[in-house]
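Take a look at the structure below.
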Amino acid sequence: VVFHATEAVRAELVRHGLADPGRLVHVPYGVSAAFSPTAAAPARLPWLAPLAGRPWVLHVGSCAPRKRTDVLLDAVALARRAVSGLWLVKVGGDWSAADRARIARHDLADALVHVGGLTDAELAEAYRRAPLVLLPSAREGFGLPVAEALACGAAVLASDLPAVCEAGGDAAVYR
């Protein structure tokens, strides 16, 4: 038996001859109960303090090349031209050397909050507070941040990958 989280992954397994279609079992991911629009907020979120009412967008995920943090940083730099004072809150993953160079080139260092190690409750609160969640991945097998963000009532702009579209359905915007 081979488990797959999305029909998009199933199609890839079959297309590449990696598994007998009769042995494939669809087991979609779910999200923790913490990810809801009405869950109680954590007592403290000190990493949000630097925002002090400023506009911001959220990205959740690693900084692996497939997550396209280069596109994320370019998009935030471009958006800052239209939205004065826009910040990026990045949850998870360490910036690569290329990312750090891009941050410097776009003069974004003073417009970033980068945190990791959040509990589900803290991450869910970030989703609930975020005006927009950006997920520009190049490859995904599911798109858990899309499902988590939408479960919290967040607006999501994500890559139009088959698995991500399956995870977000009609509730997200894809580009």
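The values are calculated or read from the model by the stated rules, or taken from the named source; none is laboratory data. All values reported here derive from a predicted model rather than from experimental measurement. Note that we place each Cβ from the backbone using ideal geometry, even for glycine, and neighbour counts take in every protein chain shown. Each accessible area value is taken on the protein alone, full model and side chains, heavy atoms only, with ligands, DNA and RNA left out. Shrake-Rupley method; radii C 1.70, N 1.55, O 1.52, S 1.80 Å.
About the centre of its Cα atoms, the stretch 1-70 shows a dipole size close to 200 debye [charges on the beta carbon of Lys, Arg (+1) and Asp, Glu (-1) only; nearest 20 debye].
With only Lys, Arg, Asp and Glu charged, each at its Cβ (+1 for the first two, -1 for the last two), find how big the charge dipole of the chain is about the Cα centre; round to the nearest 20 debye.
On the way: 18 positive and 17 negative charges, 81 e Å.
Computed charge dipole of the chain: roughly 380 debye.
Quick one, what does Rg over Rh come out to for the stretch 92-158 if you take C-alpha atoms and the Kirkwood Rh?
Working: Rg = 13.3 Å, Rh = 13.5 Å.
In the stretch 92-158, Rg relative to Rh is 0.99.
Ordered from largest to smallest accessible area (heavy atoms of protein chains, 1.4 Å probe), the residues Lys90, Lys67 come out as Lys67, Lys90. Placing a label point 7 Å from the Cα of Trp95 along the Cα-to-Cβ direction, the residues of the stretch 70-84 with a backbone N closer than 19 Å are 70-81. Note on the stretch 47-175: with neighbouring protein chains present and a 1.4 Å probe, carbon and sulfur make up 54 percent of its accessible heavy-atom surface.
Annotation: per residue accessible area for the chain equals 51 Å², rounded to a whole number [probe 1.4 Å, protein chains only]. Backbone amide hydrogens, once placed in the peptide plane, bring Tyr174 within less than 5 Å of Ala158, excluding anything fewer than 5 places away on its chain. Taking a quarter of the surface of the Cα convex hull of the stretch 1-90 gives a mean projected area of 9.3 nm².
Heavy atoms only, probe 1.4 angstrom, no DNA, RNA or ligands counted: give me His26, His4 ranked by accessible area, highest first.
Highest to lowest solvent-accessible surface, that is His26, His4.
A dipole drawn for the chain from +1 and -1 charges on Cβ atoms has a positive end, and of Ala8, Pro37, Ala79 the residue lying farthest that way is Ala79. First measure r as the distance between the Cβ atoms of Val14 and Ala49, then evaluate 1/(1 + (r/R0)^6) with R0 = 41 Å and state the FRET efficiency to the nearest 0.05. With R0 = 41 Å, the Cβ-Cβ based efficiency is 0.25. Heavy-atom accessible area with a 1.4 Å probe sorts Val9, Val113, largest first, into Val9, Val113. Note on Tyr29: accessible area is roughly 140 Å² with a 1.4 Å probe, heavy atoms of protein only. Taking the stretch 138-169 and a reference point 7 angstrom along Cα→Cβ of Ala33, no backbone N atom is nearer than 13 Å. Build a GNM of the chain with springs between Cα atoms under 10 Å apart, and of Trp56, Trp87, Trp95 the one that fluctuates most is Trp95. Per residue, the convex hull spanned by the Cα atoms of the stretch 66-116 measures out at 70 cubic angstrom.
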